[in-house]
Amino acid sequence: MNERTWMAKPYPSECIGLADEGHHLSCGKVSYHRRCLEPFLHEKRININRLSGKLSGYKDASKPIFLSKEEAAKIPASTLKTNAIKEPASVNGLFKFSTTDQGSQLNQSVRKADKSHASGKSSRISSYVAVLRNCAKHRDLHKGRLLHEDIMKAGFLEECSDALVTMYAKCGLLTKAKEILNTYPSRDVLSWTALISGYAQKGLGKDALDYFEKMQGAGLSPDAVTFACILKACGSIGAADKGERIHDEIAYQGLLESDVVLGTALVDMYAKCGALGKAQQVFQKLFSRNVITWSALITGYCQHGEGAKAFECYEQMQCENLFPDAKTYACILKACGDIRELDKGEKIHDEILRQGLLDNDIVLGTALVYMYAQCGVLIKAQETFNRLPYRDVTSWSALIEGYTQHGQCEKAMEYFEQMRAEGISPNVVTFTSMLKACAAVGAIAKGEKIHDEISKEGLLGSSILLDTALVDMYAKCGVVSRAHKVLNGLYSRDISTWAALIAGYAQQGHCEQAIICLEQMQEEGLSPDHTIFSSLLNACSHLGRVDEGHMYFALLTKRFGVKPDLEHYTCIVDLLGRAGHIDKAVRVIQEMPYSNNIEVWSALLAACRQWGNTYIGKWAFEHAVQLDKKNTAAYVIMADLYASAAMREDAKGIQVLGVENEA
DNA sequence: TTAGGGTTAG
């Protein structure tokens, strides 16, 4: 006897077990062979899958089907294949089931009997199905299509439809799979799941969800595999609400406790949707975890900018004696890049080399390029890039973005051309980096060319990041009207898109236009945030436009309800002070919710020196040194202020005080 | 028929 312990929800005493193909499972008083029962259950409109529950995450687990006593009573005794060997024994609320050799023998004999009774027709169908399954397994679309034609000619389309759906789905020809499924409504969860899985794998989450609904509408219930696929789909489109409902269903069916794959899919779904707290919560409750589960969580943290947290998990995972593989390294390298952890990144690089993981792994190689580029070690990024076995658009993009980000825009543009010369077409990411590079160096002609290409390829509107980079490029190059035109043509825009345009107007000193934009974005349900606030104040400061700056400050705090932060206060105090409006600057400081900040007082003090205001200057100085006795700059400025006002004694006094406090 | 990886905006 081949025995294995399954963890399961308390075994429902009123149910019987039903064995699936392959292994015989004795998990109740009576067992049936699933294949023998299916026709009967269909006839009686008992939904076999609705009743099924999976006891384990093991690949070769049987799928017992639980029936209520009433439903079991409807099953004719003739389909009864064997009696169970033993009752499951409860240990600590878990149950122990056994797979038996006797069961396998039974299944074999059933197959033999089936074969001997099979007519010529059904044996032809069986062999078609078997070959189709083989095509699916080896992704042999060509052979699968030929077979499809044969089957059509032989008139067995209906009988083979499930296998055809699965074959097309596995081979990635989803339209064909869908077409067949729509023509021949399937009763087979496996075929539905294959199609749903196909959509999920291609990132077509919406289609996967559609078919998930359709499948249930047809009276079929998803199994653990379907759930895993649909969770992936939810993650890919950020459908956290739907994912949460699926989670409830999975928990209700008790599938989570023993199925690490399902648990991982759940962690990944929440992580991809950015619900990291929830992902962590699910993760901690799992009965078992492996390196994939950990990686799903780590990736979640990486993708949502929590590099430090990702690192914590990475360390913790190893404390639990689980060791990273190429995929874990790829995502942790991204975290190293994000949080500029060059040392850690280099150590991981060594480890990767030691394990020989880099040889044919372009994803891992690109992650290394990214890490070095982000950390500003462009030579190493370049070196790593040069050693890649081959390059794709992502590895090029990582390098190009690295050069752009570190101000080497000409180099970025050169590589952009080189990439194309090697026959690789840019994608939205590459275009975005290029627009950023054009913006940084004011290369308007080049930027326009890229704009043309983006339009020609129909990419405009496909990525809000790209759209924003385009608006920003025109704004930074000083053609704000063009930036506005682009923005107007966009179907969707967010705070960042508006921010790029508003910053453009502010930098050109077009205050009225900037305000119109603020109003328009508010009409679209978007409120200006801290970054927009800063860009407006900085622009005014840069242009020396005091009144405008003061007006923006009042407008944003009072009308748009943005709470100014310290940077905004410092900026406005500096702006007013430098323009000689010491009284206004003092009023802003007095109205500040938190005045104990050295930078604000320093800005005021500097303005007082500029305008020779010893009275307010002394006041600012006292606050500044109260916060930091060793504020050398404050002593120097104050002494200078007194000296220029011919208050020599006071100047000397401050100097002495400064030296004393320095010691 | 099932789980994890690399590049993008103000």
What about residue A:516, is it free of Cβ contacts under 8 Å to residues at least 40 places away in the same chain, more than 12 Å from DNA strand B (Cβ to nearest atom), at negative phi and not assigned by TED's automatic domain parsing to the domain that holds residue A:600?
yes
Looking only at the stretch A:147-171, count how many residues are of a type in the set (Gly, Ala, Ser) and either more than 11 Å from DNA strand B (Cβ to nearest atom) or open to solvent by 30 Å² or more (accessible area, probe 1.4 Å) (or both).
3
Here the residues within the stretch A:248-273 that are modelled with pLDDT under 95 and part of a loop (DSSP other than H, G, I, E, B) are A:253, A:254, A:255, A:256, A:257, A:258, A:259
For the stretch A:373-480, please list each of the helices (runs of 4 or more DSSP H) lying entirely inside it that holds at least 2 residues being without any contact (Cβ under 8 Å) to a residue 60 or more places away in the chain and more than 25 Å from residue A:494 (Cβ to Cβ).
A:378-386, A:393-405, A:409-421, A:444-456
Is it the case, given these coordinates, that residue A:496 is at pLDDT below 95 and either within 21 Å of residue A:517 (Cβ to Cβ) or within 12 Å of DNA strand B (Cβ to nearest atom) (or both)?
no
Verdict on residue A:213 being more than 10 Å from DNA strand B (Cβ to nearest atom), closer than 19 Å to residue A:233 by Cα and loosely packed, with under 14 Cβ neighbours inside 10 Å:
yes
Quick one: would you say residue A:586 is of a type in the set (A, V, I, L, M, F, W, C), more than 16 Å from DNA strand B (Cβ to nearest atom) and open to solvent by less than 30 Å² (accessible area, probe 1.4 Å)?
yes
Could you give me the residue pairs with C-beta distances under 8 Å whose first residue belongs to the stretch A:138-155 and is assigned by TED's automatic domain parsing to the domain that holds residue A:172 and within 19 Å of residue A:121 (Cβ to Cβ), whose second residue is open to solvent by 60 Å² or more (accessible area, probe 1.4 Å) and among the charged types (D, E, K, R) wherever it lies, and which are 6+ apart or on separate chains?
A:154/A:124
Pick from the stretch A:397-414, criterion crowded, with 24+ Cβ neighbours inside 10 Å and among the hydroxyl-bearing types (Ser, Thr, Tyr), ranking: farthest from the chain's Cα centre (by Cα):
A:404
Counting only helices (runs of 4 or more DSSP H) wholly inside the stretch A:108-203, the ones holding at least 3 residues that are out of contact with any strand residue (DSSP E or B) (no Cβ under 8 Å at 6 or more places or on another chain), modelled with pLDDT of 90 or more and under 24 Å from residue A:218 (Cα atoms) are A:157-170, A:174-183, A:189-201
Cβ pairs under 6 Å, 6+ apart, first in the stretch A:211-228 and assigned to a loop (DSSP other than H, G, I, E, B), second hydrophobic (A, V, I, L, M, F, W, C):
A:220/A:189; A:223/A:189
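The values are calculated or read from the model by the stated rules, or taken from the named source; none is laboratory data. Worth saying up front: this structure is predicted, and the values here are computed from it rather than measured. Counting neighbours? That spans all protein chains shown, and the Cβs are built from the backbone with ideal geometry, glycine included. Note: accessible area is taken over every heavy atom of the protein model, side chains too, but ligands, DNA and RNA are not part of it. Shrake-Rupley method; radii C 1.70, N 1.55, O 1.52, S 1.80 Å.
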